[in-house]
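Worksheet: the structure to be examined is printed underneath.
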Amino acid sequence: MQNNHKPRILIIYTGGTIGMIENPETHSLQPFDFTHLIDNVPKVKKLDYEIENIQFNPPIDSSDMSPRHWVEIARHIDENYDKFDGFVVLHGTDTMSYTASALSFMLENLHKPVIITGSQLPIGEVRTDGEENLITALQIAAATDINGEPMVREVAILFEDYLWRGNRSTKMSADNFNAFKSNNYPSLAKIGLGIHFNEEALWRVQAKRPLNVQYGMDQAVMIIDLNPGITESILRHQLATPGVKGIVLKTYGAGNAPTETWFTEAIKDAINCGIVILNVTQCVNGGVHDRRYMSGNQLALTGVISGHDITSEAAITKMMYLFGLGLSTSEVRRYLKCSLCGEVTI
Ligand code: ASP
């Protein structure tokens, strides 16, 4: 069905560099009021869209982002879902991939674009990347296919030249304008003179269902990153963290870990205590192939689940989401082995 109305977009401004200005006294960057943002991007008014905005009070640096903020973003989307064609979330780059991954799980049956963007330079600066990112994000949020359906029906990150699947993305650079990448999945769109969508890569489901937002994100999860020299005592202390239900174990290469008995026994003991452990590679590209080497195979035999090519951002937020649903350990294990919304290649 073709829509004849102007695209209606809701901007949710959470904070981050995009909306920051320099404190004249300390010269450090601090969040500013959202009105500053629009004042600095008069071009937004040239888009013939109906735009409304909501802002976090106060706007935050994304290093302060937490599940309660994800709940706040999700609630704004939930409450405004029918009123708008698309959503643009302005967010700091530091934890943008975590937020994108979390929202991809929380917003079940999403059929509209949720485009997250930010910038490396504040929008008030002459060479800012924020203006272009904001305008392009708005255009993507308004884009429709030949049937008038939203072109993007998932949570995605727009940054500089590319649109990435949110739960596949990682912040790759603290300096470059092209700061994000999804190392194991193609871009959803390439931004050049036009916006060139890669329709084969976009998330599509057979049946359109009503949006169902899951607000429970269980924080009883953690990441353990291996390093040569890790001792039994350090590992056992980490595994025995009080209350922890799920662990993302970041391993070497194709999912390998020390083969010494103390290591395998410590992991086995944790699994026997009901802790769910997901094996995710430390490599930025490629995934876990736990049958390739004896060391990976040994880990798989303890009951550690292969995370295949999932990012650690998607892995940890997927665990929060699954435990937040109140699922049993065996159900969590089962869903970790499946792709829920395109986050992993099985
Ligand atoms: N520290 C900032 C943040 O993540 C960096 C940025 O926005 O790029 O909020």
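Sticking with the crude label model, points 7 Å out along Cα→Cβ, report the distance from residue 25 to residue 176 in nm, one decimal please.
3.9
Modelling each spin label as a point 7 Å along the Cα-to-Cβ direction, I'd like the residue 223/residue 334 distance in nm, to one decimal.
Reported label-point gap for residue 223 and residue 334 is 2.9 nm.
Per residue of the chain, what 222 nm ellipticity follows from adding -39500 (n - 2.57) for every DSSP H run with n ≥ 4, rounded to the nearest 500? Working shown, then result.
Values: 9 runs with 94 residues, N = 346.
The per-residue figure over the chain is -8000 deg cm²/dmol.
Taking every DSSP beta bridge with both residues inside the chain, roughly what % is antiparallel (nearest 5)? All intermediate terms of the calculation are to be shown ahead of the outcome.
Numbers: 18 of 50 bridges.
Of those bridges, close to 35 percent are antiparallel.
Under 17 Å Cα to Cα from residue 190, which lysines show up? Leave out anything in the same chain fewer than 8 places away.
Qualifying lysines at Cα under 17 Å: 181.
Just to confirm the number: angle between the C-alpha axis of helix 312-324 and the first principal axis of the chain, 0 to 90 degrees, nearest 10?
In the chain, helix 312-324 runs at an angle near 80 degrees to the longest axis.
How much net charge surrounds residue 197 when only other residues with a Cβ under 13 Å from its Cβ are counted (Lys, Arg +1; Asp, Glu -1)?
Summing Lys/Arg as +1 and Asp/Glu as -1 gives -1.
Residues with beta-carbon under 12 Å from that of residue 8, excluding residue 8: net charge, scoring Lys, Arg +1 and Asp, Glu -1?
That works out to -2.
Take the residue pairs 250/318; 208/318; 6/46; 6/208; 43/112; 83/112 and return only those whose Cα atoms are more than 18 Å apart.
208/318; 6/208; 43/112
Residue 300: net charge of surrounding residues, Cβ under 10 Å, Lys/Arg +1, Asp/Glu -1, itself excluded?
Its environment carries a net charge of 0.
Want the number for residue 232 to residue 207: 0.36 nm per residue separation, take away the alpha-carbon distance, what's left?
So the extension gain works out to 4.1 nm.
Rounded to the nearest whole Å², what accessible area per residue is found for the chain with the 1.4 Å probe?
Accessible area per residue: 45 Å².
Please work out how much length the chain gains when fully extended from residue 268 to residue 108, using 0.36 nm per residue of separation minus the C-alpha to C-alpha distance, in nm with one decimal.
Values: separation 160, 0.36 × 160 = 57.60 nm, distance 3.34 nm.
My answer for the length gained is 54.3 nm.
Taking the dipole about the Cα centre of the chain, with the C-beta of Lys and Arg at +1 and of Asp and Glu at -1, give me whichever of 186, 224, 346 is farthest to the positive side.
After comparing all options, I get 346.
So, with a 1.4 angstrom probe, what is the percent of accessible area on segment 7-107 that is carbon and sulfur?
Looking at segment 7-107 in its full context, I get 46 percent from C and S.
Expressed as an acute angle from 0 to 90° and rounded to the nearest 10, what is the orientation of the C-alpha long axis of helix 130-142 relative to the principal long axis of the chain?
The answer is roughly 90 degrees.
Taking square-rooted eigenvalues a ≥ b ≥ c of the alpha carbon gyration tensor, is segment 265-319 rounded, prolate or oblate, where a/c under 1.5 means rounded and, failing that, a/b exceeding b/c means prolate? If you can, show how the numbers build up before the last one.
Values: a/c = 2.75, a/b = 1.21, b/c = 2.27.
The shape class here is oblate.
The values are calculated or read from the model by the stated rules, or taken from the named source; none is laboratory data. Computed from a predicted model, the values in this text were never measured in an experiment. With ideal geometry, Cβ positions are generated from the backbone for all residues, glycine too; neighbour counts draw on all protein chains shown. With ligands, DNA and RNA removed, areas are computed over all heavy atoms of the protein, side chains included. Shrake-Rupley method; radii C 1.70, N 1.55, O 1.52, S 1.80 Å.
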